[in-house]
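Here the structure comes first, spelled out in C-alpha cells, and everything after it is commentary.
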Amino acid sequence: MSRRTWGRVAVVVVTVVSAWLTASHLRLSADMSALFPSSGDARALGRWTRVFGGRDPAVVLVRGASADDVAAAADAIAEGLRHAPSVERVLDRAPALAPPRDPTLAWAVAGKTARARLAAIVTPEGMRERLAGTRDLLLAPALDARILEWLARDPLRLAQVPWEERPPDLLSGLSAAPGSAFSADEGRARLVVAQPKGSAFESEAARALVEDVERVFAAVARPGVAAELTGGHAIARDIEQTLKRDLAVSGGLSLVLAALAFVVTFRRARALVAVLPPLALGTLWTTGLAALVPQGLDAVAIAFAAVVVGVGVDTGVHVYGALLDARRQGFPPHEAAHAARRAVGQPTLTAALVAAAAFASLALGELRAMRELGLLCAAGELLTAVAILLVTPEVGAWLERRDVPPEARARWVDVVVGLTATRRRALLAAAVCALPLGGLLLAGWPRPADALVAMTPRGLPSLVAEEHVRALFGGRGLERIVLTADVDEQRARQRADRLAGALDDLVRQGAVEGVDALATFAPSEATVRARLDERDALDLPGRRPALEQALREAGFDLRACAPALEAFSHPTRDLPSTEPSSGGDLLPWLLGRHLRHDGAETLVATYVLPAAGPAAEARLRAAVASADPASVVTGLDAIERALHDVLERDLWLVGAVAIAIVGLAMRVALRSARYALVALATLACEMAVVGVAMRVLAVRWHVYDALVLPVLFGVTIDESMFLLAAARERSIEDALRAQAPLVVATALTTAAGFLALLACRCQGLRDLGAVGAIGVLAGLAAALVVVPAALRGLSRDGGAGV
C-alpha cells in the first residue's frame with residue numbers, strides 16, 4: 001500500500017479506538033480533592049476527603065406542616081430504605097442505651113477531664129452528691145423500665161461521665177435522647193440516616209443510592225410532606241450530572257459560536273463542511289485521550305472540550321483562507337489544496353505548537369485538575385490542527401471546484417488601518433493601549449477570591465438540602481481535622497489517643513470548644529490498659545463499704561444495687577469488642593467517621609472545633625506538634641491558604657515558562673528579535689486590559705482562572721505572529737488588509753470557546769471562561785493596534801514598507 005493509504009488506515013483506526021474509549025471509558029469525577037493542592041495541610045485534607053468523604057452517610061430530611069404526617073412518612077422511608085439494595089443500614093433514631101455490664105469500664109473511654117471527674121465521684125462526698133442526682137431522676141414520673149435497670153446497675157452514673165461534656169453526635173451537631181427520633185421544629189422535621197454501600201466517588205454506587213431513595217420517596221409520598229436527600233452520594237451524583245450537562249452544553253455552544261464566526265468571516269456556509277468534520281475528528285481523538293485519565297475528568301478538566309473547539313477552528317480559518325486565495329490566483333482545485341498547505345502549513349503548525357506548549361506549561365503546576373486541563377488542551381490543539389491540515393484542503397478543494405468570487409473588502413479594515421496610518425497616529429494609539437498598564441499600576445492587580453467555593457456548583461438540590469438540615473438541626477462550624485497515619489493500626493490509634501489527651505487540656509483552658517476523638521469510644525489497647533491501671537490505682541474494692549454507706553443514706557435498696565456493688569468489688573478489665581459487627585447500629589457509624597484504611601496505612605481522624613481567633617488556632621497547632629509531630633492539622637481554611645500559595649508560586653512558574661516558549665518561538669518563526677519584542681508587547685497590553693476589566697466587571701479572581709493567563713500567551717500570540725509575518729513581505733497597510741479579517745476570525749472563534757463556558761453551572765468555569773474571553777479579545781485589539789503602531793514607529797520611512 002502507498003503511504004497515503006497507510007495514513008488513511010491509521011486515521012480510521014485511531015478514530016475507531018477513540019470512539020470506543022469515549023463511549024466505554026470516559027467518566028466524570030465528583031471528587032473535589034482534584035482541585036486541592038498536593039502539599040502540606042491541603043494534601044492532608046485531600047486525602048481525608050478521598051478516604052473518609054466517600055463514605056458519608058445519606059441523610060433524608062422529611063418536613064411538613066403536621067408532626068404526625070412527618071413521623072409517618074419518616075417511618076415509611078426508613079422502612080423502605082432498609083430493603084433498598086444500595087443501603088447497608090438505616091438509623092432513624094438514637095440508639096437505646098443498654099445497661100452497662102460494668103460501670104467501672106467508664107475509665108477506659110474517658111478522657112483526662114472525665115477521668116478526673118470519675119475519681120472525684122468515687123470519693124465519699126462525690127458518691128453522696130451523685131446519688132442525690134440519681135434519686136431525683138427516680139422520682140421523675142413515668143420513668144422508662146430500661147432507665148430503672150440502668151440506674152440499678154450504675155447508681156453513680158459512671159458510664160455517663162465520659163459523654164456529659166460532649167453529647168454523642170452522628171452528623172454535624174445532630175443529637176437526640178436515647179431511643180428518640182432525630183426531630184426538630186416540634187416534630188415537623190425528621191431525619192433518616194442511611195449508610196450506603198460503596199463510595200460516593202464511585203459513579204455506580206452514587207447513582208444506585210439516589211435512584212433507590214427516589215423510588216422510596218415515590219412509593220411513600222404524602223400530601224403536605226416533602227423529602228430531601230443530601231450526603232456524599234447525593235452531592236456526588238448531582239455534581240456528576242452537572243458536569244455532564246456542562247460538558248455537553250459548553251462543547252456544543254462553543255461549536256455553534258465558532259461556526260457562526262467562521263461563516264461571518266468567509267460568508268460561505270459551505271466552508272463549514274470542510275472545517276467542522278476534521279474539527280470533530282480532532283476533538284474525538286482528544287476525548288479518547290481524556291478517557292484514559294484514571295480518576296475521571298474533574299470540574300475543571302471538562303472545560304477542555306469547549307476550549308479545544310474554539311481554539312481548533314483557528315487553523316481552519318487560515319487553511320480555508322489560503323485555499324480561497326489559491327483558487328483566486330488560478331490554481332486548479334487539487335493544486336490549490338497543495339498550495340494552501342504549503343502556504344500556511346508551517347505557520348499554523350507553529351501557532352498550534354506554541355499554544356499547545358503554553359497549555360502544557362500548566363503541567364508544571366501543583367493542581368492536578370489544572371495539569372489535566374493543560375495537557376488535554378495541548379493535545380487537542382495539536383490533534384485538531386493536524387486533522388484540519390489533513391482533511392480541510394481536500395474537502396475545500398471539492399467544495400470550491402467552481403470559480404471563486406473576488407474577496408469582498410471589509411470596510412472596518414479601513415478604520416483599523418486609519419488608526420495607525422501616520423507616525424503621529426501610531427504613537428497616539430500606542431499611548432492609548434498603554435493606559436491600562438498605568439491604571440493597573442495605580443489600582444493594583446485584582447485580589448484573589450475563595451478558590452474552593454468558586455469551583456463548587458451552586459443551587460444543587462443536595463447542597464440546598466444540606467443547608468436546610470444545618471438550619472434545622474445545627475452544625476459544627478469550621479472544624480479542624482487532625483489526621484494521624486501509621487502502618488500499624490494500634491500504633492495509629494495510640495498516637496491519636498495521645499493527641500486527644502493534649503486536646504482535652506485545651507478544652508479546659510478554653511482554646512478549644514470541643515473534641516470528637518476515637519479515644520472517646522474505641523481507644524487503643526495500650527490506652528485502655530493505661531486508663532484501667534489508673535482506675536485500679538484508686539482501689540475500688542476498698543471503696544465498696546463507702547458506696548454501701550452512701551446508698552443506705554440515700555435510701556437505695558442494696559439488693560437492687562448488687563450489680564453495682566459487685567462491679568466495685570471485682571472491676572473487670574475486659575472491654576467489649578470494637579469490631580463494627582459487635583456494636584449494633586451506632587458503632588459502625590462512629591468508627592467510619594474516625595478510622596479508615598488507605599493502602600497499607602491506617603488513618604485516624606480527630607475532629608476539633610477551636611475557639612475563635614488566631615491565638616486559639618496557634619495553640620491548637622502547637623499542642624498537636626508537641627503531642628504527635630507527624631500528625632497534620634487541616635481544614636477548609638487550609639485550602640484557601642494553600643491555594644493562595646499555589647497562585648503565587650505556580651503563576652510565576654507557569655507564566656515564566658509560557659512567556660519563554662512564546663518569545664523563543666516568535667524569535668525563530670519571525671527571524672527577528674525586534675519583531676519578537678513587538679509580539680511580546682501586545683501580550684503586556686493584553687494582560688493589563690484583563691486586569692482592569694476584571695476589576696471593572698467584578699469577575700471573581702481565583703487560582704483556576706488565574707492560571708489561564710499564561711495560557712493566553714500562547715493562544716493569542718498567533719494574531720500578532722500572522723500580522724508580523726505578513727508585514728515582512730508587504731506594507732503595513734497591505735498586511736492589515738490581508739490578515740486582519742483572518743486574525744479577527746481566529747480570535748472570535750477562540751473567544752467563542754471561552755464564552756461557551758459562561759453557560760456552565762460551576763461558578764469557577766464561568767469565571768475561567770470570562771477571563772479567557774476577555775484575554776482573547778484584548779489580545780486581538782492589541783495585535784491590530786500595537787503591531788502596526790510599533791512597526792510604523794520603528795520604521796525609518798514611517799511604515800510605507802518594512
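Counting only whole DSSP H helices of the chain, the ones at least 27 Å long by C-alpha along their axis and with mean Kyte-Doolittle hydropathy no lower than -0.5 are 3-25, 232-266, 271-290, 304-328, 333-360, 368-399, 423-443, 636-670, 673-697, 708-727, 732-755, 763-794.
Mean residue ellipticity at 222 nm, helices only, the chain: -21500 deg cm²/dmol; runs of at least 4 DSSP H residues each add -39,500 (n - 2.57), and the sum is divided by the number of residues. Candidates Val432, Pro788, Gly187 compared by Cα position along the dipole of the chain: farthest toward the positive end lies Pro788, with charges placed on Cβ.
With the charge dipole of the chain set up from +1 on Lys and Arg Cβ and -1 on Asp and Glu Cβ about the Cα centre, the Cα lying farthest toward the positive end among the listed residues Val90, Ile659, Thr123 is that of Ile659. So what's the gap between the Cα centers of segment 32-94 and segment 221-283, to the nearest angstrom? Computed from Cα coordinates, the inter-centre distance equals 30 Å. When the alpha-carbon atoms of segment 725-773 are used, the pair Rg, Dmax equals 15.8, 47 angstrom.
Using every pair of separate Cα atoms, the Kirkwood estimate puts the hydrodynamic radius of segment 255-376 at 15.9 angstrom. Over all pairs of different C-alpha atoms, segment 187-283 has a mean inverse distance whose reciprocal, the Kirkwood radius, equals 17.4 Å. Under the classification rounded if a/c is under 1.5, otherwise prolate if a/b is larger than b/c and oblate if not, where does segment 348-445 fall, given a ≥ b ≥ c as square roots of the Cα gyration tensor eigenvalues? Oblate is the answer for segment 348-445, as a/c is 1.5 or above yet b/c matches or exceeds a/b. Its Cα gyration tensor gives the chain an equivalent ellipsoid. The semi-axes, each the square root of 5 times an eigenvalue, are 69, 27, 21 Å from largest down.
The mean sequence separation of alpha-carbon pairs under 8 Å and at least six residues apart, normalised by the residue count of the chain, gives a relative contact order of 21 percent. Take the Cα of Leu427, step 7 Å toward its Cβ, do the same at His644, and the gap between the two points is 4.5 nm.
Over the C-alpha atoms of segment 274-343, the Rg to Rh ratio, Rh being the Kirkwood estimate, stands at 1.18. Using the beta-carbon distance between Ala530 and Thr134 and R0 = 30 Å, what value does 1/(1 + (r/R0)^6) give for FRET efficiency, to the nearest 0.05? Working from the Cβ atoms, E equals 0.55. Treating each Cα of segment 488-543 as one equal point scatterer and applying the Debye formula with no solvent, the log10 of I(q)/I(0) at q = 0.16, 0.19, 0.22, 0.24 Å⁻¹ comes out as -0.58, -0.74, -0.86, -0.92.
With each label point set 7 Å from Cα along the Cα-Cβ vector, what nm distance links Asp734 and Ala537? Taking the two extended label points, one gets 9.8 nm. Full extension of the segment from Thr15 to Trp412, taken as 0.36 nm per residue of separation minus the current Cα-Cα distance, would add 138.8 nm. Applying 1/(1 + (r/R0)^6) with r as the Cβ-Cβ distance of Arg328 and Arg671 and R0 = 41 angstrom yields a FRET efficiency of 0.90. For the chain, DSSP calls about 95 percent of its internal beta bridges antiparallel.
FRET efficiency for His338 and Ser24, Cβ-Cβ distance as r, R0 = 30 Å, nearest 0.05? After rounding to 0.05, the efficiency reads 0.20. Projected onto the charge dipole of the chain (+1 at Lys/Arg Cβ, -1 at Asp/Glu Cβ, origin at the Cα centre), which of Leu323, Ala502, Trp20 gives the Cα projection farthest towards the positive end? The Cα lying farthest towards the positive end belongs to Leu323.
A short reminder: the numbers here are calculations on the coordinates, not readings from a lab. Keep in mind it's a predicted model, so treat the numbers as computed, not measured. Please note: Cβ atoms are built from the backbone with ideal geometry, for glycine as well, and neighbour counts cover all protein chains shown.
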